[in-house]
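See structure below.
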Amino acid sequence: MPREITAYSNPLIKRIRSLREKRHRREEGLFLAEGLRILTEAREAGRIPHYLFFARDSAAHPLVLALVEAVEAAGGEAIETVPDILSKLSGKDNPQAVVGVFAEFAHALDTLDRGAAGIWLVAERLRDPGNLGTILRTGDAVGAGGLILIGECVDPFSVEAVRASMGALFTVPVVQCEWSAFLPWLRSGPGQLVGLSLDTSVDYRSAQYQAPTFLLTGNEAQGMPDAYAAQCDLLVKIPMLGKADSLNAAVATAVMAYEVLGQQARRG
């Protein structure tokens, strides 16, 4: 049966609240996710939180009951609490009805099956958690095999990135590695590396994409290094008809991903 915690001074509340900081997430190997939709996505993907905090007035909701049952069956702990405590945990004035504490999970390059999907997303030195979360949502939407993060990227387990992913963190494999590991892995099998670049005349709509296509998006401010661009099989750009010279990294990734998806669908 769920226990009840309503005091800010409770040691568990202090411990879980500290997971909002990367240092504590790394020490504990745990991260926070909030919201009934996100936690339900996690449960359906087989990811069950170690701790589940839920608001007293949501206890009868069937999805909350399903989460409580799953957590307790897996040996975790379900904890009934009040909105103020949930607000402290989530960092939001209007908290969601549930907050989950999950073990961080990692995927390695050599565990990926490149033949499992026609599209893969690759992001280099991505800094914004909102962009990372949105790219994960795009990956889920287009059926991408995974998201490969190159170099010093924002933490995919930060509260902001998890929130922006809307559950896609639990459905799209994420790998973190260096370029020096990624490139040999990529060249060890089939795969077309396509880079988004301003330094090309190739319109993204006129290019031919080969499955599996690995879409490489560079850093939001600096783009991708010249050395990385030189290793791409194809560089394409999205035409800009106004005064802006480029799109937001997550938006550009989504535009490209749907063009690749459309081509692959038309070829059957």
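For the chain, lysine pairs with C-alpha atoms less than 29 angstrom apart, excluding pairs fewer than eight positions apart on the same chain, total 5.
How would segment 116-242 be classified by its alpha-carbon gyration tensor: rounded, prolate or oblate, with rounded meaning a/c under 1.5 and the a/b versus b/c comparison settling the rest? Rounded.
Here the chain is assigned +1 on the Cβ of each Lys and Arg and -1 on the Cβ of each Asp and Glu. Its dipole about the Cα centre then comes out at about 160 debye. Over all other residues within a Cβ to Cβ distance under 10 Å of Ala250, the charged ones net out to -1, with Lys and Arg as +1 and Asp and Glu as -1.
Derived scalar couplings between HN and Hα for segment 190-198 equal x, x, 9, 8, 10, x, 8, 8, 8 Hz in order, rounded to whole Hz, by the Karplus curve 6.51 cos²θ - 1.76 cosθ + 1.60 (θ = phi - 60°), x for Gly and Pro. Backbone phi angles across segment 77-91, fed through the Karplus curve with coefficients 6.51, -1.76 and 1.60 (θ = phi - 60°), yield HN-Hα couplings of 10, 9, 10, 7, 8, 10, x, 4, 5, 4, 5, 5, 6, 8, x Hz in residue order; Gly and Pro are listed as x. Computed in the context of the full set of protein chains, the accessible area of the chain at 1.4 Å probe radius has 50% of its extent on carbon or sulfur. Work from the charge dipole of segment 205-268 (Cβ charges, +1 for Lys and Arg, -1 for Asp and Glu, about the Cα centre) and give the residue of Val236, Ala249, Thr217 farthest towards its positive end. Checking the options against the dipole of segment 205-268, the answer is Val236.
Here the relative contact order of the chain, from alpha carbon pairs under 8 Å that lie six or more residues apart, stands at 18 percent. Residue by residue, segment 28-40 carries 3J(HN,Hα) couplings of 8, x, 10, 8, 9, 9, 10, x, 5, 5, 5, 5, 5 Hz when phi is fed to the Karplus relation 6.51 cos²θ - 1.76 cosθ + 1.60 (θ = phi - 60°); x denotes Gly or Pro.
Using a cutoff of 8 angstrom between alpha carbon atoms and counting only pairs six or more residues apart, the relative contact order for segment 31-108 works out to 47 percent. Taking a point 7 Å from the Cα of Asn10 along the Cα-to-Cβ direction, the residues of segment 63-85 with backbone N closer than 13 Å to it are 77-85. Calculate the length of the line joining the C-alpha centroid of segment 172-197 to that of segment 84-103, in whole Å. Between the Cα centres of segment 172-197 and segment 84-103 lies a distance of 35 Å.
Rolling a 1.4 angstrom probe over the protein heavy atoms with all chains in place gives segment 1-45 an accessible area of 58 Å² per residue.
Once a ≥ b ≥ c are taken as the square roots of the eigenvalues of the Cα gyration tensor of segment 1-148, is the result rounded (a/c under 1.5), prolate (a/b larger than b/c) or oblate (a/b not larger than b/c)? It is prolate, given that a/c is not under 1.5 and a/b is the larger ratio.
The values are calculated or read from the model by the stated rules, or taken from the named source; none is laboratory data. Note that this is a predicted model, so its numbers are computed, not measured. Cβ: placed from backbone, ideal geometry, glycine included. Neighbour counts: every protein chain shown. Calculation scope for accessible area: heavy atoms of the full protein, side chains included, ligands and nucleic acids excluded. Shrake-Rupley method; radii C 1.70, N 1.55, O 1.52, S 1.80 Å.
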